[in-house]
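Student: Got a structure here, written out as structure tokens. Questions coming.
The values are calculated or read from the model by the stated rules, or taken from the named source; none is laboratory data. Just so we're clear, the structure is a prediction, and the values are computed from it rather than from any experiment. Here the Cβ is made from the backbone with ideal geometry for all residues, glycine too, and neighbour counts use every protein chain on show.
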Amino acid sequence: MDWILPVVIIVGTVSTMEYVAWAAHKYIMHGWGWGWHKSHHEERHGKFELNDMYAVVFAFIAIGLFVVGQWAWRPATWFGIGVTLYGILYFIAHDGLVHKRWPFHYIPRKGYAKRLYQAHRLHHAVEGKDGCVSFGFVYAPPVKELVKQLDENKRTDRDLVREVQEEGR
Ligand SMILES: [Zn+2]
Ligand SMILES: [Zn+2]
């Protein structure tokens, strides 16, 4: 039964990380951290963008946890695995599925993947750092709710919202 606690810690860390990432995205990246994140809301030139530095920061946190787990406090390893797994989910859902940084492109037509895809596309429907919606990377609110929120926001790019809605059909 030695595996129960590690599994609980890993699953708990992955879900907590979605909350941490949501809060970091909403309050840091769209706040004082906009300097790095701005590059993600503009067209990308080349393979990387300054915003990727956030992934590097989280990678260092994971490495730090593995080091602590190895030398000082064993359970830190399980937290490190949780942070790493979340990073993989982020990479698949956000960088791959939504922003098409994979060598192949796939637009989900149904189910949760479609909702996640549309929700993050709507995050990019507002120009600049203020008035954006949907800050999570793995959990996505219902698209209807987001469109309603965006409608209340006068600075929304209506063409993009329409494009996202049509893409999902
Ligand atoms: Zn953003
Ligand atoms: Zn994005």
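Student: What's the number of the condition Pro108 fails, among (1) more than 16 Å from ligand 2 (Cβ to nearest atom); (2) touching a helix residue (DSSP H, G or I) at 6+ places or on another chain (Cβ under 9 Å); (3) more than 21 Å from Met29 (Cα to Cα)?
Tutor: The single condition Pro108 does not satisfy is (1).
Student: Continuing with this model, one more query. Within segment 53-67, track down each residue that is over 16 Å from Phe135 (Cα atoms) and within 16 Å of ligand 2 (Cβ to nearest atom). Can you show your working first?
Tutor: Filtering segment 53-67 down to residues over 16 Å from Phe135 (Cα atoms) leaves 53, 56-67.
Met53, Phe58, listed by residue number.
Student: Here is a follow-up. Can you confirm whether Lys129 is farther than 24 Å from Thr16 by Cβ, of a type in the set (Lys, Arg), in contact (Cβ under 8 Å) with a residue 24 or more places away in the chain and surrounded by fewer than 16 Cβ atoms within 10 Å (Cβ to Cβ)?
Tutor: Numbers: farther than 24 Å from Thr16 by Cβ: yes; of a type in the set (Lys, Arg): yes; in contact (Cβ under 8 Å) with a residue 24 or more places away in the chain: yes; surrounded by fewer than 16 Cβ atoms within 10 Å (Cβ to Cβ): yes.
Here the answer is yes, as Lys129 does meet what is asked.
Student: Answer yes or no as to whether Leu89 is in contact with a Pro (Cβ under 9 Å, 6 or more places away or on another chain) and part of a helix (DSSP H, G or I). Please lay out each step first, then the result.
Tutor: On the way: in contact with a Pro (Cβ under 9 Å, 6 or more places away or on another chain): no; part of a helix (DSSP H, G or I): yes.
Answer is no for this residue.
Okay, residues lined up against (1) of a type in the set (A, V, I, L, M, F, W, C); (2) more than 11 Å from ligand 1 (Cβ to nearest atom); (3) over 13 Å from Phe137 (Cα atoms); (4) within 13 Å of the chain's Cα centre (by Cα):
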| residue | (1), (2), (3), (4) |
| --- | --- |
| Val14 | yes, yes, no, yes |
| Tyr27 | no, yes, yes, no |
| Trp34 | yes, no, yes, no |
| His41 | no, no, yes, no |
| Arg44 | no, yes, yes, no |
| Val56 | yes, yes, yes, no |
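Student: What number of residues within segment 126-145 are within 14 Å of ligand 2 (Cβ to nearest atom), at pLDDT 90 or above and not aromatic (Phe, Trp, Tyr)?
Tutor: 6
Student: Further, regarding this structure: Out of the residues in segment 79-124 that are surrounded by 20 or more Cβ atoms within 10 Å (Cβ to Cβ) and among the aromatic types (Phe, Trp, Tyr), which is nearest to the chain's Cα centre (by Cα)?
Tutor: Tyr86
Student: Scan Glu166, Glu145 and give me the residue that is surrounded by 12 or more Cβ atoms within 10 Å (Cβ to Cβ), among the charged types (D, E, K, R) and not in a loop (DSSP other than H, G, I, E, B).
Tutor: Values: Glu166 fails: surrounded by 12 or more Cβ atoms within 10 Å (Cβ to Cβ).
From the options Glu166, Glu145, the qualifying one is Glu145.
Student: Also, I was wondering about something else. Phe135 is checked against (1) in contact with a Pro (Cβ under 6 Å, 6 or more places away or on another chain); (2) within 14 Å of ligand 1 (Cβ to nearest atom) and fails just one. What number does that condition carry?
Tutor: Unmet for Phe135, out of (1) in contact with a Pro (Cβ under 6 Å, 6 or more places away or on another chain); (2) within 14 Å of ligand 1 (Cβ to nearest atom): (1).
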